[in-house]
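Comments concern the structure below.
The values are calculated or read from the model by the stated rules, or taken from the named source; none is laboratory data. No experiment lies behind these values; they were computed from the predicted model shown. FYI the Cβ positions are ideal-geometry reconstructions off the backbone, even for glycines, and counts take in every protein chain you see.
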Amino acid sequence: MMLRLGIDIDGTVTDPRTFVPYLNKSFNKSLTYEDLNQYDLTKVLNITEEEFWVWMDKFEPIIYKEAPLALHAKNVLNEWKHQHELLFISARRKHLLDITHNWFNDQDISYHHIELVGSHDKLEAVKNNKISIFFEDKHDNACMISEEHQIPVILFNTPYNQDPIPKGVIRVNDWLEAKNWVNQWYDVKVL
């Protein structure tokens, strides 16, 4: 049985620390990764939505082009490429598709599909792609996807997603823990 794995990109496949040096330089801050205790960066930086999106328009392509991989992501994903379908579903805006494809190619990470939905609402994309398990770093996305579609969601542990989680959301610290959970779940489902 081949699983259809729905995988967020930023903070999941890319290192969740990626934004920190750009935020510090641009906003003259000295934030640490642990200071990112909210997903909403306007609250962390004490700026308006408008100021944030002006900044994102300028830096988003650079950040996504240079983003480092999350620990063990490449090995696990490349191991899964022959066993499961890898469907990357991201909140990135659609105009960043070429940068995203190039990043995957530069990192030598296989994919079967990349979809940029342009917002954090991934519910329709999860349904349309018939996802078996989803991988996410945004707390409310993980909870909504799990509850709406009754599928397991692997939530990568970060300072900004520490709210309680429902039963269908599984918190992991890295891709090796995610792989172990998926392998155990898969073995139970197949047997």
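Annotations
- Some residue of region 36-43 being touching a helix residue (DSSP H, G or I) at 6+ places or on another chain (Cβ under 7 Å), without any contact (Cβ under 8 Å) to a residue 24 or more places away in the chain and not assigned by TED's automatic domain parsing to the domain that holds ILE133: yes
- Among the candidates ARG17, ARG4, residue that is surrounded by fewer than 18 Cβ atoms within 10 Å (Cβ to Cβ), within 21 Å of ILE154 (Cα to Cα) and either of a type in the set (D, E, K, R) or not assigned by TED's automatic domain parsing to the domain that holds PHE135 (or both): ARG17
- Region 151-167 residues that are touching a residue at least 60 places away in the same chain (Cβ under 8 Å), paired with ones that are assigned to a strand (DSSP E or B) and surrounded by fewer than 19 Cβ atoms within 10 Å (Cβ to Cβ) (beta carbon under 7 Å, 6 or more apart): PHE156/VAL172
- When residues in region 60-72 are screened for being of a type in the set (A, V, I, L, M, F, W, C) and in a loop (DSSP other than H, G, I, E, B), 3 of them pass.
- Residues in region 1-59 that are small (Gly, Ala, Ser) and part of a loop (DSSP other than H, G, I, E, B) were compared, and the one that is farthest from VAL126 (Cα to Cα) is SER30.
- Taken over region 83-139, the criterion of being of a type in the set (Asp, Glu) and over 15 Å from the mean Cα position of the chain (by Cα) is satisfied by GLU85, ASP98, ASP106, ASP108, GLU124.
- Count of residues meeting criterion [under 14 Å from SER132 (Cα atoms), touching an Asp or Glu at 6+ places or on another chain (Cβ under 8 Å) and β-branched (Val, Ile, Thr)] in region 143-191: 3
- Of the residues making up region 122-148, those that are within 25 Å of GLN162 (Cβ to Cβ), surrounded by fewer than 22 Cβ atoms within 10 Å (Cβ to Cβ) and of a type in the set (Asp, Glu) number 3.
- The strands (runs of 3 or more DSSP E) falling completely within region 73-191 include none with 2 or more residues that are basic (Lys, Arg), modelled with pLDDT under 95 and in contact with a Phe, Trp or Tyr (Cβ under 7 Å, 6 or more places away or on another chain).
- When region 6-25 is filtered for residues that are out of contact with any strand residue (DSSP E or B) (no Cβ under 7 Å at 6 or more places or on another chain) and among the aliphatic types (A, V, I, L, M), the ones remaining, listed by number, are VAL20, LEU23.
- Single residue of region 85-95 satisfying the filter (out of contact with any His (no Cβ under 9 Å at 6 or more places or on another chain) and surrounded by 18 or more Cβ atoms within 10 Å (Cβ to Cβ)) that is farthest from VAL126 (Cα to Cα): ARG92
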